Amino acid sequence: MTGNGDSTTPRARGPVTRRTLLKAAGATALTAGAATATAPTAAAADGKPYDAIVVGAGYAGGTVARELGARGMNVLVLEARGRIGGRIEPGTLAGQHIELGGGWFGPGQDLVARELKRYGLTTTEDVHATRMVMPGPDGYASHSPQEAGARLNSLFADFYAGSEQYFERPYEPLYRKDLLASVDRLSLADRIAQLQLTGVDHDWVSGATSVFAGGNRTGSLTGLAQWYQLAGGTYDRFLSVMSELPEGGMIAILERMLRESGATVRLDSPVTAIRERGGLTHVEVRGGRTYQAPVVVLATPVNMWSTLTFEPGLPPVYADAAREGLGVPHATKLWLRVRGTSEAVSAQAPEGAPILLLIPQKQLSDGRIFVAFTGPALDVSDPQAVRDAVRTLLPEARVVEYRAKEWHKDPYARGGWGLRRPGQLLRQLPDIQQPFGRIVFAGGDIASGWNGAFVEGALESGFRAAEQAAALAG
């Protein structure tokens with residue numbers, strides 16, 4: 001295992017078609033259009049001072065950089081990693097491209113659709129499962145996708161009952177604030193307990209929700225219920241928004257955004273402090289180099305805020321979010337090359353299982369690639385444990401090699417995709433979306449609509465932050 005939680009084992013000896021959350025061509029330099037730099041200076045390449053500094057070269061930061069660049073502003077983007085993309089990251093397995101971070105777009109995400117059209121990019125549909133393995137009364141049982149899908153739709157119609165009222169306008173999550181007080185305090189585990197689910201029904205629901213929440217006691221009911229209503233209010237529609245693969249991988253739009261922005265992008269530049277003095281923001285990176293601009297946009301995961309020094313200190317809404325965190329506490333994405341089966345089988349396990357979800361991907365001449373989401377019960381550094389976990393779900397499968405990304409161990413993510421915790425919706429919005437002094441906040445974690453796990457939310461937040469930053473820069 002390396003320090004960022006990315007591990008690769010060489011050869012392991014010895015629909016509701018589940019295609020969930022979460023390609024990044026994360027190169028260490030961008031192609032022509034966005035200037036790159038390795039030797040820090042205090043001004044842009046043309047000698048002019050920077051009009052804005054963007055911290056983070058993910059989708060929110062890329063959106064801000066492009067929109068400010070379109071206004072004629074000189075923009076500096078500081079990225080801690082040696083690549084762009086943030087929680088979007090590329091990889092390869094068995095000679096095939098894989099997504100170690102985000103992986104899918106879907107219908108109904110209009111901002112993404114607009115960006116795809118802008119850059120002339122297309123999408124392809126993900127693999128459809130031909131069989132689904134689900135928890136049964138005595139281990140696991142196989143179902144047709146139609147049978148499993150019908151049951152999941154029914155179970156989640158009950159689970160999310162009432163959300164069509166308290167999220168009457170899901171893009172305006174506080175529209176029925178009067179109805180939210182009784183539900184925003186509930187965790188997913190609280191909701192499961194309310195329904196008094198038992199046996200297989202409990203395992204089907206708790207397994208599905210824990211995949212998204214990294215633990216049902218951590219994730220809020222309103223966090224998932226808003227996504228459910230944004231997708232159209234049925235479970236199969238919810239899954240469909242994670243069903244399309246973009247041409248060129250998940251990074252494709254972001255690469256073009258930064259190229260169009262004309263921004264200076266400095267990689268390997270982790271920010272340590274943001275200080276406001278004399279009408280300017282002073283942004284310090286590791287090693288002590290400081291950059292100045294009238295405004296800074298902080299476009300990092302909320303979980304990273306606690307690693308920064310702010311002068312003056314942050315007001316309570318930001319400080320509380322930094323302390324509590326928003327990213328799911330355990331998020332491991334596991335890519336597997338499997339022999340022994342080439343069937344496009346999907347599998348889901350109960351909460352607490354080593355592998356929570358297994359999704360079929362590209363078929364190979366001697367097997368298939370699968371992607372999985374794992375729980376804390378699986379030590380992905382142990383090849384035998386990985387083999388055993390897969391065979392629990394697919395006894396015929398033999399893991400040949402695998403690659404894992406533990407996002408909670410990534411020093412510049414400190415957690416997986418964002419999902420609000422109980423009470424955070426009412427305590428944080430809309431204040432957490434507002435500038436503080438000359439600091440503007442951006443990122444999918446604090447979006448109003450598709451917050452947390454979706455590029456759509458990062459785009460939404462980026463557009464809002466660009467407007468705020470332009471106004472502050474004057």
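Across the accessible surface of the range 342-429, with the other protein chains kept in place and a 1.4 Å probe, carbon and sulfur atoms take up 47 percent. Based on protein heavy atoms only, the chain ends up with 36 Å² per residue of surface accessible to a 1.4 Å probe. Stokes-Einstein diffusion for the range 243-288 at 25 °C, viscosity 0.890 mPa s, with a Kirkwood radius from C-alpha pairs, works out to 180 µm²/s. Farthest toward the positive end of the dipole of the range 185-325, out of L230, V285, W204, is the Cα of V285, where the dipole comes from beta carbon charges about the Cα centre.
At full extension, D178 and S154 could sit 5.9 nm farther apart than now, given 0.36 nm per residue minus the alpha carbon distance.
Dipole size of the chain about its Cα centre, with +1 on Lys/Arg Cβ and -1 on Asp/Glu Cβ: approximately 860 debye, rounded to the nearest 20.
Of the residues A349, I274, Q434, the one whose Cα sits farthest toward the positive end of the charge dipole of the chain, with +1 on the Cβ of Lys and Arg and -1 on the Cβ of Asp and Glu, is I274.
The order of the peptides 148-157, 462-471, 253-262 by mean Cβ neighbours within 10 Å, most packed first, is 253-262, 462-471, 148-157.
Assuming charge only on the beta carbon of Lys and Arg (+1) and of Asp and Glu (-1), the dipole of the range 343-474 about its Cα centre is about 220 debye to the nearest 20. Taking the accessible area of the range 188-301, probe 1.4 Å, and keeping the other protein chains in place, the carbon and sulfur fraction comes to 40%.
Remark: the range 372-386, residue by residue, has Karplus-estimated 3J(HN,Hα) of 9, 10, 10, x, x, 6, 9, 8, 6, 7, 9, x, 5, 5, 5 Hz, where x stands for each Gly or Pro and the curve is 6.51 cos²θ - 1.76 cosθ + 1.60 at θ = phi - 60°. Ellipticity at 222 nm from helices only: DSSP H runs of n ≥ 4 in the chain, each -39500 (n - 2.57), divided by the residue count, give -8500 deg cm²/dmol.
Full extension of the chain between T124 and K362 yields a length gain of 84.4 nm, computed as 0.36 nm times the residue separation minus the alpha carbon distance. Quick one: grab the alpha carbon gyration tensor of the range 92-215, order the square roots of its eigenvalues as a ≥ b ≥ c, and give me rounded if a/c is under 1.5, else prolate or oblate depending on whether a/b is larger than b/c. It is oblate, given that a/c is not under 1.5 and a/b is not larger than b/c. So, with a 1.4 angstrom probe, what is the percent of accessible area on the range 50-114 that is carbon and sulfur? C and S fraction of accessible area: 47 percent. The alpha carbon gyration tensor of the range 239-373 gives principal lengths a ≥ b ≥ c with a/c of 1.5 or higher and a/b greater than b/c, which makes the shape prolate. For a straight C-alpha distance cut-off of 16 angstrom, the aspartates and glutamates reachable from K362 (same-chain residues fewer than eight places away being disregarded) are E99, E125, D126, E244, E247, E343, E401.
The modelled label-to-label distance between A273 and D382, using points 7 Å beyond Cα along the C-beta direction, is 4.4 nm. Extending 7 Å from Cα along the Cβ direction at A193 and again at R217 yields two label points whose distance is 1.0 nm. Based on the alpha-carbon gyration tensor of the range 376-438 and its eigenvalue square roots a ≥ b ≥ c, which shape applies: rounded if a/c is under 1.5, prolate if not and a/b is larger than b/c, or oblate? Note, shape of the range 376-438 comes out prolate.
The values are calculated or read from the model by the stated rules, or taken from the named source; none is laboratory data. Keep in mind it's a predicted model, so treat the numbers as computed, not measured. Using ideal geometry, Cβ is built from the backbone for each residue, glycine included, and neighbour counts are taken over all protein chains shown. Heads up: the accessible areas ignore ligands, DNA and RNA and are worked out on the full protein's heavy atoms, side chains in. Shrake-Rupley method; radii C 1.70, N 1.55, O 1.52, S 1.80 Å.
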